[in-house]
Structures are given as structure tokens and as C-alpha cells.
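A short worksheet on the structure shown next.
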Amino acid sequence: NSPQSAHVSGTVPYTTKTSVSTSGSPSFVGQSVTFTATVTSTHGTIPDGELVTFYDGTTALGSAALTSETAMFTTSSLSAKTHTIKATYAGDAAFVSSTGSVGQVVDRYPTTTALSSSSNPSAYGQAVTFTAAVTSAGPSPTGSVWFKDGTTGIATVTLSGGVATFTKSNLAVGTHPITAEYLEDSANAKSTS
């Protein structure tokens with residue numbers, strides 16, 4: 001029943017910290033963004049070659065190996081919204097796993113809509129063609145243009161080559177405030193004329 005002692009040796013996993021940065025926020029739809037994860041520990045250097053996995057929320061985007069405690073991942077597939085990008089270091093026998101995150105805002109490209117009339121003023125019963133031309137600072141706009149007479153919708157027309165046209169021959173006598181509203185697509189924002 002006397003006290004006994006024994007020497008025990010081994011490795012206790014050390015804590016780590018993962019921080020994430022972005023090459024630029026906000027960015028635009030389709031634009032390449034690079035996320036950089038830096039994994040550190042106060043008890044030594046994280047070995048090269050260990051994996052960091054990048055997530056958009058809970059969706060895995062891909063993995064990259066650490067080099068000098070840094071891993072980088074580039075993507076151009078983020079949709080237009082605010083994303084929470086997470087980077088998770090998997091850990092090993094000496095270092096425990098850790099996760100960091102960064103917010104990434106992805107915007108649609110701004111657009112400009114220009115509306116013209118084929119005849120203004122026009123006579124009662126005369127066919128009038130309204131043309132809406134939509135341009136973008138990014139990819140060519142797709143989708144539709146909503147034409148309104150005041151607050152009343154009178155037509156929705158699909159863009160063709162960035163242009164939507166609509167002809168109306170039964171406008172009542174008087175002044176009509178005609179509006180063309182581009183209804184946006186996955187890469188381009190709304191605009192009105």
C-alpha cells in the first residue's frame with residue numbers, strides 16, 4: 001500500500017487559431033475572390049501540407065494545403081448576397097482543429113436603362129413603340145423589362161441583345177408617364193427609366 005510512481009511521456013494536442021481574410025469585399029458576381037486562411041499555434045509551427053477546407057456556410061467549396069501556415073482558395077462562383085466563408089483546419093496528432101470565418105458581400109453589377117418613344121407626341125390610335133435599352137458594367141443583361149403606364153403594368157418583354165421593345169396603339173388622350181423597369185438577372189441589378 002505504499003505510494004508508487006511511474007514516468008509517462010506523450011504528446012498533448014495544442015490549440016490552434018485559424019483566421020480568414022478576403023482579397024476584396026464587396027465583389028461582383030462572377031469576379032474571382034481569393035480567401036486566405038492563416039493557422040497558428042503558440043506551441044509551434046503548423047506543418048506544411050496539412051489541409052484547410054473552405055466553406056460557404058455549410059457547403060464545402062474546396063480544400064488547400066498549408067504552406068508556411070497559410071492556405072489560399074480562389075472562387076468565382078459566389079452568388080449575389082452576403083456569404084459567410086469559413087476555413088477549417090483539420091488538425092493532427094499534435095494540433096487540434098480550428099475554424100475561422102470572414103464575411104463576403106457579392107453584388108450585382110449596376111445597370112442603366114434608357115427608354116425612348118417612337119413618336120412623342122402621338123395621335124390618338126397611333127401605334128407607339130417604346131424601346132428600353134439596358135446596359136451593364138458587367139456581363140450583358142438578360143431577363144425582362146416591365147413597362148408601366150403610371151403605376152399600371154402594361155407589358156413584360158424579354159430582352160434581346162440588351163433591348164426590349166413594346167408597341168401600343170390604344171393609349172388614351174392625355175399625358176402618359178411611361179416607365180421601363182429592368183427586372184435584374186443573376187449578375188445584373190435592377191434599373192428604371
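The values are calculated or read from the model by the stated rules, or taken from the named source; none is laboratory data. As the structure is a prediction and not an experimental result, all values here were calculated from the model. Note that we place each Cβ from the backbone using ideal geometry, even for glycine, and neighbour counts take in every protein chain shown. The accessibility values were calculated without ligands, DNA or RNA, using every heavy atom of the protein model including side chains. Shrake-Rupley method; radii C 1.70, N 1.55, O 1.52, S 1.80 Å.
Quick look at the numbers
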{"quantity": "Odd one out for ALA64, checked against (1) over 30 Å from GLU184 (Cβ atoms); (2) loosely packed, with under 11 Cβ neighbours inside 10 Å; (3) modelled with pLDDT of 95 or more", "calculated": "(2)"}
{"quantity": "Hey, LEU115 surrounded by 13 or more Cβ atoms within 10 Å (Cβ to Cβ), touching a Ser or Thr at 6+ places or on another chain (Cβ under 6 Å) and aliphatic (A, V, I, L, M) or not", "calculated": "yes"}
{"quantity": "Close pairs from the stretch 133-145: first touching a residue at least 60 places away in the same chain (Cβ under 8 Å), partner of a type in the set (A, V, I, L, M) and open to solvent by less than 40 Å² (accessible area, probe 1.4 Å), Cβ under 8 Å, at least 6 apart", "calculated": "GLY138/VAL29; GLY138/ALA187; PRO139/ALA187"}
{"quantity": "Any hit, the stretch 83-104, residues being open to solvent by less than 30 Å² (accessible area, probe 1.4 Å), under 14 Å from the mean Cα position of the chain (by Cα) and of a type in the set (Gly, Ala, Ser)", "calculated": "no"}
{"quantity": "Qualifying positions in the stretch 39-61 - more than 26 Å from VAL12 (Cα to Cα) and open to solvent by 30 Å² or more (accessible area, probe 1.4 Å)", "calculated": "TYR55, ASP56, THR58, THR59, ALA60, LEU61"}
{"quantity": "Within the stretch 166-193, tally of residues that are crowded, with 16+ Cβ neighbours inside 10 Å and on the phi > 0 side of the Ramachandran plot", "calculated": "1"}
